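Peer 1: What follows is a single structure, and I will ask about it in a moment.
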Amino acid sequence: MSAAVIDVAFIIVGGPKLLPKALQTAEHLNATSSLPVHVHLVTDKRLPQQPWFTQHLLSAMPAEPAALHRNLSKLGVGPSFIYMYKPFLYQLLPLDRVLVLDFDVLILGDLRELWDQFDAFSPSSVIGLAHSQSPEYSDLGTWPHKPGPRAGLNGGVQLQQLQRMRADAAAGGAYLQDLRRCAAGGCKRYWKLPRLGDQTYYTGLCLREPSTCHVLPCEWNRQLSNRFFTHRDFRPWHECAPPCKLAHGNQPLLEGLIFTLQRQVRRPTCAECKQGHAELKARASNSSTRNPRWKWGMDKEWMTAVVLRGCCAGTAGGTEAERAGATPAQRDGLPLALPPPERGLAPPEWEAEEVETPKLAALLAEARAQQGEAVQRARRDHAAPTARPAHAGRGVLARRNHSLGGAGARRNHSWALGAGRPGWAERQHPRRRSQLNASRGLARAEMRRASGGGGAAAAPCPDCVPATQ
């Protein structure tokens, strides 16, 4: 089906602070598409109208979808209530089809190719998403170790057939019934990651009602999250044979690279991508942070190689392996593990077993060592404020003041601060304090006698012992 314009939707909650990001992403999308792009902003507050977007207020949502959203949001945590508006866009946008995107996307192909994926939908499909490229939902499926469904879909790139969703709702079809079932608490078995909101819902939907879902090619949502980089199944989940056409910066440090390359407006060149990679690597390598999310390592190197391959594929700036369509693993001499399926929820037939190589083993060992060091530093940092000499008697006070709340905590804190000074604990002991006072009194008496002050002076305190001649 041909189209004269590509409709793209963003969700903005909390006022106009995200408008600059929305504008930058919209300009980038228009510059990388052979069709014009029109932006729709779904907002909770009315924003100053500008010619580059159409605004739709969340307050215009009908009563039943609003109630379903409230109930589904109770199953999530943090900002997941914002993501949960996406399954209900069919009630807000007067469109037939829409492309729903996060801001942190970099287009390295023609956006029209992604829009044309609507033509590959089955007659019953209402939504298209790419597989999650990390094993965060692996406990819901058996892939890749046994034949079975591959669980996990990413919500950063969505193709929504809004007209079919409205027809389904009018007929009480599978999509609406599934939303009602989950809002009533009937999907808890599939609600493994509530913080991810809509993509957790879609993961369960496509396992319960696979006919409603279309799986997008992996190159159109190339995810850069490194959270499971040291997981034993990271390679088969993350591999994608075709060059990247849309990079999704769902990792805090690499998100900065995405926004930097977006500023080129047009599709970035191979040289620009390499320069952005070099600048980010230098900045992160020189950082003093101990947070592994912001430090450079082999995981960030792997993910940026995915972006560089997409930037340089088919250009003079790319290597021969990149132009031939090799994966980062193949380009580095590493074996290619089980490739994820590009269509459907079931993996392709396979019989070859995964083979470890010394280079891959060394790479993973280095990554695990970095992760282990980060964990040890975190533990040391956590223990440092309460570290103290064994003789300071801190444990007794901790037990005694545990029930005293804030006052006890302040008392313990002052005790811990004093415990670091030499001789502090000895001076606090009553018997030792008396001995110290007696010694000081005798010393002062000896000084007065030596200066001609007369006979034995009276002890300055009851604990002092008279000097013997």
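The values are calculated or read from the model by the stated rules, or taken from the named source; none is laboratory data. Keep in mind that what you see is a predicted model, and the values were worked out from it rather than measured. Methodologically, a virtual Cβ is constructed for each residue, glycine included, from the backbone with ideal geometry; neighbour enumeration extends over all protein chains shown.
Peer 1: What number goes with the only condition from (1) more than 23 Å from residue 191 (Cβ to Cβ); (2) more than 21 Å from the chain's Cα centre (by Cα); (3) buried (at least 24 other Cβ atoms within 10 Å of the Cβ) that residue 205 does not pass?
Peer 2: (1)
Peer 1: In addition: Exactly one of (1) free of Cβ contacts under 8 Å to residues at least 12 places away in the same chain; (2) in contact with a helix residue (DSSP H, G or I) (Cβ under 9 Å, 6 or more places away or on another chain) is unmet by residue 167. Its number?
Peer 2: So residue 167 meets the others, but not (2).
Peer 1: Does residue 39 meet the test of being buried (at least 20 other Cβ atoms within 10 Å of the Cβ) and out of contact with any Cys (no Cβ under 6 Å at 6 or more places or on another chain)? Show your work before the answer.
Peer 2: Working: buried (at least 20 other Cβ atoms within 10 Å of the Cβ): yes; out of contact with any Cys (no Cβ under 6 Å at 6 or more places or on another chain): yes.
When the stated conditions are applied, residue 39 passes them.
Peer 1: For a quick check of your reading of the model, give me the residue pairs whose first member lies in segment 92-104 and is within 25 Å of residue 223 (Cβ to Cβ), whose second is among the basic types (Lys, Arg), with beta-carbon atoms closer than 7 Å and at least 6 apart or on different chains.
Peer 2: 100/86; 103/21
Peer 1: Follow-up question, since we're still on this one. Do the conditions hold for residue 136, that is, is it modelled with pLDDT under 95, out of contact with any helix residue (DSSP H, G or I) (no Cβ under 6 Å at 6 or more places or on another chain) and not basic (Lys, Arg)?
Peer 2: Details: modelled with pLDDT under 95: yes; out of contact with any helix residue (DSSP H, G or I) (no Cβ under 6 Å at 6 or more places or on another chain): yes; not basic (Lys, Arg): yes.
The answer is yes for residue 136.
Peer 1: Say we look at segment 32-80 and pick out the residues that are in contact with a strand residue (DSSP E or B) (Cβ under 7 Å, 6 or more places away or on another chain) and among the β-branched types (Val, Ile, Thr); which of these is farthest from residue 114 (Cα to Cα)?
Peer 2: It comes out as 43.
Peer 1: Now a separate question. Restricting attention to segment 253-264, does a residue exist that is in a loop (DSSP other than H, G, I, E, B), more than 24 Å from the chain's Cα centre (by Cα), surrounded by fewer than 20 Cβ atoms within 10 Å (Cβ to Cβ) and not acidic (Asp, Glu)?
Peer 2: Here is the first cut: in segment 253-264, the ones in a loop (DSSP other than H, G, I, E, B) are 263-264.
Of the ones still in play, those that are also more than 24 Å from the chain's Cα centre (by Cα) are 264.
If we keep only those that are surrounded by fewer than 20 Cβ atoms within 10 Å (Cβ to Cβ) too, we end up with 264.
With not acidic (Asp, Glu) added as a condition, the list becomes 264.
There is at least one residue in segment 253-264 that is in a loop (DSSP other than H, G, I, E, B), more than 24 Å from the chain's Cα centre (by Cα), surrounded by fewer than 20 Cβ atoms within 10 Å (Cβ to Cβ) and not acidic (Asp, Glu).
Peer 1: Please pick out the residue among 51, 62, 79, 94 that is assigned by TED's automatic domain parsing to the domain that holds residue 196, surrounded by fewer than 18 Cβ atoms within 10 Å (Cβ to Cβ) and within 23 Å of the chain's Cα centre (by Cα). Spell out the reasoning first.
Peer 2: Values: 51 fails: within 23 Å of the chain's Cα centre (by Cα); 62 fails: within 23 Å of the chain's Cα centre (by Cα); 94 fails: within 23 Å of the chain's Cα centre (by Cα).
Matching residue, one of 51, 62, 79, 94: 79.
Peer 1: Check residue 115 against each of (1) closer than 26 Å to residue 184 by Cβ; (2) touching a residue at least 12 places away in the same chain (Cβ under 8 Å) and name the one condition it does not meet.
Peer 2: All conditions are met except number (1).
Peer 1: Scan segment 51-105 residue by residue and report those that are of a type in the set (D, E, K, R), within 26 Å of residue 256 (Cβ to Cβ) and part of a loop (DSSP other than H, G, I, E, B).
Peer 2: Scanning segment 51-105 gives 102, 104.
Peer 1: I want to confirm something. Restricting to segment 106-122 and keeping residues that are in contact with a helix residue (DSSP H, G or I) (Cβ under 9 Å, 6 or more places away or on another chain) and not in a helix (DSSP H, G or I), which single residue is surrounded by the fewest Cβ atoms within 10 Å (Cβ to Cβ)?
Peer 2: Filtering segment 106-122 for residues in contact with a helix residue (DSSP H, G or I) (Cβ under 9 Å, 6 or more places away or on another chain) gives 106-109, 111, 113-114, 117, 121-122.
In the following step, the residues that additionally are not in a helix (DSSP H, G or I) were identified as 106-109, 121-122.
On the way: 106: 28, 107: 25, 108: 22, 109: 19, 121: 18, 122: 11.
Out of the qualifying residues, it is 122.
Peer 1: Also, quick follow-up: Tell me, which helices (runs of 4 or more DSSP H) lie completely within segment 154-226 with 2 or more residues that are assigned by TED's automatic domain parsing to the domain that holds residue 98 and under 30 Å from residue 370 (Cβ atoms)? It would help to see each step written out before you state the result.
Peer 2: Values: elements: 162-171, 174-183, 198-208.
Where helices (runs of 4 or more DSSP H) fall fully within segment 154-226 and carry at least 2 residues being assigned by TED's automatic domain parsing to the domain that holds residue 98 and under 30 Å from residue 370 (Cβ atoms), they are 198-208.
Peer 1: Identify, please: which residue in segment 270-311 is part of a helix (DSSP H, G or I) and hydroxyl-bearing (Ser, Thr, Tyr) and is, among those, farthest from residue 20 (Cα to Cα)?
Peer 2: First, pick out the residues of segment 270-311 that are part of a helix (DSSP H, G or I): 270-285, 298-311.
Still in the list and also hydroxyl-bearing (Ser, Thr, Tyr): 285, 304.
On the way: 285: 29, 304: 25 Å.
Here the residue is 285.
Residue-by-condition table, conditions (1) over 30 Å from residue 31 (Cβ atoms); (2) of a type in the set (D, E, K, R); (3) at pLDDT 90 or above; (4) crowded, with 22+ Cβ neighbours inside 10 Å:
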site	(1), (2), (3), (4)
174	yes, no, yes, no
198	no, yes, no, yes
218	no, no, yes, yes
221	no, no, yes, yes
228	yes, no, no, no
236	yes, no, no, no
243	no, no, yes, yes
247	no, no, yes, yes
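Peer 1: Take the residues of segment 1-53 that are touching a residue at least 24 places away in the same chain (Cβ under 8 Å) and among the charged types (D, E, K, R): which is farthest from residue 157 (Cα to Cα)?
Peer 2: Out of the qualifying residues, it is 45.
Peer 1: Checking residue 267 against (1) assigned to a loop (DSSP other than H, G, I, E, B); (2) under 15 Å from residue 134 (Cβ atoms); (3) of a type in the set (D, E, K, R), only one condition comes out false. Which one?
Peer 2: (2)
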